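J.: A single structure is presented below for examination.
The values are calculated or read from the model by the stated rules, or taken from the named source; none is laboratory data. None of these values were measured; they are calculated from a predicted model. Counting neighbours? That spans all protein chains shown, and the Cβs are built from the backbone with ideal geometry, glycine included. Calculation scope for accessible area: heavy atoms of the full protein, side chains included, ligands and nucleic acids excluded. Shrake-Rupley method; radii C 1.70, N 1.55, O 1.52, S 1.80 Å.
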Amino acid sequence: MNKTDKAYYACDEHVDYILDDYIYAEGTFPQINKIEPNDLWITCEYCQNKSVYLVGNVSSPTKCG
Ligand SMILES: [Zn+2]
């Protein structure tokens, strides 16, 4: 099994777009993680706004495996 570690940053406006892209590309539903406001400025995949969501199956330290 391939590990899916792709993740995309999305602003509030484009999170739906990113979600569709992810499902289309990966064939699976990703996790959507809210980024804390104090995090670094990371731009959205679709625009130059600050992203507020990280869309992807990123490994979480609270999750085993
Ligand atoms: Zn955007």
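J.: How much of the accessible area of the range 7-56, in percent, comes from carbon and sulfur atoms when a 1.4 Å probe is used? Walk me through the numbers before you get to the answer.
T.: Numbers: 1660 of 3380 Å².
Exposed carbon and sulfur together represent 49 percent of the surface.
J.: Also, I was wondering about something else. Quick one: dipole size for the range 7-56, taken about the Cα centre, charges +1 on Lys/Arg Cβ and -1 on Asp/Glu Cβ, in debye to the nearest 20.
T.: Details: 2 positive and 9 negative charges, 27 e Å.
For the range 7-56, the charge dipole is close to 120 debye.
J.: Just to compare against my own numbers: the Cα pair-distance distribution for the range 7-56, 10 Å bins, whole % per bin, please.
T.: Going out from 0 Å in 10 Å bins, the range 7-56 shows 32, 55, 13, 0 percent.
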